[in-house]
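See structure below.
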Amino acid sequence: MLDFFTIFSKGGIVLWYFQGTSQIFTQSVNSLIKSVILQERTGTNQFTHEALTLKYKLDNEFELIYVVAYQKILQLSYIDKFLDAIQLEFRNKYKDDLQNAAVSSNFDFRQDFDRILFEVEQAAKKQIQKGRMMKSFEESEKSKKSVKSMIEYKKDDNKKPGKGKENKPAKNTPVKEQEVQKSSAVPMATSNNGNGELDAETIRRNIEKRFGPKKKKPADSSKSPKSVESNKKKGKVGTKWDLGGTAEDAKVLDFTDDKGGDPAVNGVDVALKDEEIQYVGTMGGELRNIETESESEEEEETATKKTSSKKSGGGMFSMFKNLVGSKMLTQEDVAPVLDKFREHLVSKNVAADIALKLCESVSAKLEGKVLGTFSSINTTVKTALNESLVQILSPRRRVDILRDAMDCKQKRQPYCITFCGVNGVGKSTNLAKICFWLIENGFRVLIAACDTFRAGAVEQLRTHTRKLNALHPPEKHAGQQMVQLYEKGYGKDAAGIAMEAINFARDCHIDVVLVDTAVIRTTLIKVNQPDLVLFVGEALVGNEAVDQLTKFNQALADHSNMTNPRLIDGIILTKFDTIDDKVGAAISMTYTTGQPIVFVGTGQTYTDLRNLNAKAVVHALLK
């Protein structure tokens, strides 16, 4: 039933393999290496690629990886036991060669492989047959019951009442009569109707003597005819607001010039501040990284060792700092340390489930690793976790917008970037920042106002367009207007506006089109197929950004009707300067999709745009 099995080193050298079919498994194994092993996602030992399920096991002592592949429609319960048995047998048989790194040795493992596979398959079949066999009467629960326990006894009618139930009145006793009989402080009337029962009038008078006369509810004045009539005449009164829409208010709110047009269209200059003028010419070339801490990693490690030597009980993880000599780590050894690290990651805004997966991945990475004489479990776990986090934040592919835009410019095609995300995260603001950066690098930009839902979205882009044109007037660019706004107002089809904007940019030889959207427009992305789809998320919201990103990606996949749907290509993380060291959202969002964080927004000005520095983020996360 197994299609493929291989044993290879972490350096990529195949030691032994078995192939049961003629199918080529190179692509599946490479995908496992790129998406799981290199990305530090080894918390679970299962990976699905197309029609195959791949299970793997790490041998950290000898730096080996065992991979088995089979059809995903099969439910093979013995795979985990099979991998454990194979690993043990291979280690024991070739232990000397593995310790001497003799990778060129002849690993003749076919007979052992067939024997172990046969044994685990037979054991699995017996287990299944045992579960399907009908139990005998002696094995059933019913046989364990005695005859006495199965006899039903009738309830005794003469059974004495329980404690506290002797004075309970009979059910058919009238409630009012009970209340009358309970009180002896007030003399009660005793007239009856001749049958020994009190009549209704006597009962009423006795109740009034005991509890007082029944109070009548005051009449509701609001329901009186006069009040109802006054309410009808009064009607609904409108609320008056400042600048409520009078002719004088309209003049105050009118920012257009005397000719009645938009200042951006008519080329009216915008008043600029001195600090805004200083922005021009500062963002040419690649963006700068987020600045790292001044303290180097060596200095930090030295300071940690000195502190821990002085204070045996100080620090969050010092209780686990026990020196061990030449010891092979197990999951039980690293579990207490990883639990503390998991709580620490959650406190820094890493999603709880992702923090758990990260710790499971580190546990699988360290299991079987041999520690040196002066190594501590805490230091080893922290180093492994640091490497995993840096690897996750490091992009699997490089997103070079300047290079791609230049390539499209040479082909006389506009380079299109679409921005998506929930309202309020800063899509329009960061679109303007990227627009300024592109202008600084000599590209002409067309902004497509495809957010036709949110009130004020078009006006916001108009303001940015006027400001950007004032910072880069046509006089400085051979008479060419560097930024233009393509808008059709509100309530229009966003996909149609984006298509018209791209065609307009192609006809006018504009280099880049930046598409601003409302929430998510799956039809827009499906119809226009932009070159880059960027998700804009807030660093403030933490775990909710992961939920937003997952739903956006799922919506794009569900509405694409394509074999390979167009998903999110990158992430813009905004308001990064407001979270201090709680930078866990960067880890959560990158881990969810595997896509890189292309830009980081750190302020309000056009120059507050940075590249993500993985080491700086991890340093802030683990300190």
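The values are calculated or read from the model by the stated rules, or taken from the named source; none is laboratory data. Keep in mind that what you see is a predicted model, and the values were worked out from it rather than measured. Glycine also receives a Cβ, built like all others from the backbone with ideal geometry; neighbour counts cover every protein chain displayed. SASA here: full protein model, heavy atoms, side chains in, ligands and nucleic acids out. Shrake-Rupley method; radii C 1.70, N 1.55, O 1.52, S 1.80 Å.
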Next on the checklist: As an exercise: evaluate Ile497 against (1) assigned to a helix (DSSP H, G or I); (2) open to solvent by less than 20 Å² (accessible area, probe 1.4 Å); (3) modelled with pLDDT under 85; (4) not acidic (Asp, Glu) and give the number of the one condition it does not meet.
Outcome noted: (3)
Checklist entry - Within region 411-420, can you find the residues that are closer than 21 Å to Cys508 by Cβ and surrounded by 20 or more Cβ atoms within 10 Å (Cβ to Cβ)? => result Pro414, Tyr415, Cys416, Ile417, Thr418
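Being under 23 Å from Lys348 (Cα atoms) and either free of Cβ contacts under 8 Å to residues at least 60 places away in the same chain or over 18 Å from the mean Cα position of the chain (by Cα) (or both) narrows it down to one of Ile597, Ile525, Ile571, Ile579, so name that one.
Only one candidate passes the filter, namely Ile571.
One line per residue, one yes/no per condition, for (1) within 29 Å of Thr383 (Cα to Cα); (2) under 33 Å from the mean Cα position of the chain (by Cα); (3) modelled with pLDDT of 90 or more; (4) among the charged types (D, E, K, R):
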residue	(1), (2), (3), (4)
Met1	no, no, no, no
Ile13	yes, no, no, no
Ile37	yes, yes, no, no
Phe82	no, no, yes, no
Arg115	no, no, yes, yes
Next on the checklist: Among the residues of region 359-407, what is the count of those that are open to solvent by 20 Å² or more (accessible area, probe 1.4 Å) and in a strand (DSSP E or B)?
Outcome noted: 2
Item to check | Among (1) open to solvent by 30 Å² or more (accessible area, probe 1.4 Å); (2) assigned to a helix (DSSP H, G or I) - the single one Gln484 does not satisfy | outcome: (2)
Checklist entry - Can you name every residue in region 445-463 that is over 30 Å from the mean Cα position of the chain (by Cα) and buried (at least 22 other Cβ atoms within 10 Å of the Cβ)? => result Val445, Leu446
Checklist outcome for this item: Among the residues of region 26-60, the number that are touching an Asp or Glu at 6+ places or on another chain (Cβ under 9 Å), surrounded by 14 or more Cβ atoms within 10 Å (Cβ to Cβ) and in a loop (DSSP other than H, G, I, E, B) is 5
Next on the checklist: Looking at the structure I just gave you, is Asn92 open to solvent by 50 Å² or more (accessible area, probe 1.4 Å) and either more than 25 Å from Arg115 (Cβ to Cβ) or in contact with a Leu (Cβ under 7 Å, 6 or more places away or on another chain) (or both)?
Outcome noted: no
Item to check | Scan of region 408-428 for residues that are touching a helix residue (DSSP H, G or I) at 6+ places or on another chain (Cβ under 6 Å) and in a helix (DSSP H, G or I), ordered by number | outcome: Ser428
Item to check | Filtered residues of region 421-444 (kept if open to solvent by less than 10 Å² (accessible area, probe 1.4 Å) and of a type in the set (Lys, Arg)) | outcome: Lys433
Next on the checklist: Considering only residues that are under 24 Å from Gln604 (Cα atoms) and surrounded by fewer than 22 Cβ atoms within 10 Å (Cβ to Cβ), which ones fall in region 550-582?
Outcome noted: Gly570, Lys575, Asp577, Thr578, Ile579, Asp580, Asp581, Lys582
Item to check | Unique match (being open to solvent by 40 Å² or more (accessible area, probe 1.4 Å) and modelled with pLDDT of 90 or more) among Asp339, Asp353 | outcome: Asp339
Checklist entry - Which numbered condition trips up His619, out of (1) assigned to a helix (DSSP H, G or I); (2) under 17 Å from Val425 (Cα atoms)? => result (2)
